[in-house]
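A short write-up of the structure that comes next.
What follows is calculated from the coordinates using simple rules that are stated; it is not laboratory data. Values in this document were obtained by computation on a predicted structure and should not be read as measured data. Counting neighbours? That spans all protein chains shown, and the Cβs are built from the backbone with ideal geometry, glycine included.
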């Protein structure tokens, strides 16, 4: 296997960054062009400076003498390809945004982001007193003596309010989990790719975990957990919701990969 | 519909001959003396827009399978594409005239002879 083959194999994988419809329609032609470019850059080499333009003109007219494989050519090939991907991948998604499933996925993603923002904002403001560790949450590492009666009485005083906070994030967590699964499923349908849908699910889950870290900690008698960490337990529900929605809308996995 | 510099160069490259994707890429690079280097993604994005606007079309006429890979797609400038590239060229030429009149751009000098 030479550098042309290796580079072409890598580029074939990078084509997965484009929407499925672009890969279906233009993927083979783009691969062909990349292969031509790789052969050009790696086998033909090119002169530098003023003579480069002459060399290009010669190549355009079918001329040019073969030269040795160069590392410079490899770097130039991948620099050019990297810039091209950075410019053309976002553009290709924008061009395909008119598709109905794309509109639904974008709307759902916007609704999801607003829901998470509202959920975190209400949790952060409405239960802000829990940013400070409550007296009834005992830290054994502090080494202080625990007066059980005192701790119990303090707990009893705040129990209803604190239980409301726990119910709030548990219920809200389930709701946004379901919304995340549905949104990712619509993204998969838009892209006609289960892989893209799972990627969106993972990205949404990580972004939500980061946002949930802004909420107060959840205290148990000895431990404290960020809500973003407890969000981990919602992941199976997100995957199930995604799967049910994907197969519920009879999405066929993209067979053109 | 406004055409981007990349689309304009693609239309120019197709003005004298039908070309396949890689041929267009090389011609644009040669015409612009390396200033415009299209990648596969940018090239096919522009080609798709030009096909959608009817400025170019795919063609199989005149392609000798012995000379080239028959799997390649060749593109040809349409009448609408020729009009678009002419209009854009005239627009650019009038801008150059204006820049010269305002002394933003130096007056045209005789072409240097090439050895």
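Once the C-beta distance of residue A:70 and residue A:232 is scaled by a Förster radius of 41 Å, the resulting FRET efficiency is 0.25 to the nearest 0.05. Note on residue A:224 and residue A:203: the model spin-label points, each 7 Å out from Cα along the C-beta direction, lie 3.4 nm apart.
Residue exposure proxy: A:14, B:11, ordered by other Cβ atoms within 10 angstrom of their Cβ from fewest to most, comes out as A:14, B:11. As a rough footprinting exposure proxy, the listed residues B:96, A:4 were ranked by other beta carbons within 10 Å of their own, and the order from fewest upward is B:96, A:4. Counting neighbouring beta carbons within 10 Å and listing from fewest to most, the residues A:169, A:190, A:231, A:78 come out as A:78, A:169, A:231, A:190.
With the simple spin-label model, which puts each label point 7 Å out from Cα in the Cβ direction, the residue B:52 to residue A:6 separation comes to 3.8 nm.
Extension gain, residue A:106 to residue A:213: 0.36 nm times the residue separation minus the Cα-Cα distance gives 36.1 nm.
May I ask you to derive the FRET efficiency for residue B:16 and residue A:78 from their Cβ-Cβ distance with R0 = 41 Å, giving the value to the nearest 0.05? The formula returns an efficiency of 0.80 here.
Partner shielding of B:40-53 amounts to 6, given as the average count of beta-carbon atoms from other chains within 10 Å of each residue beta-carbon.
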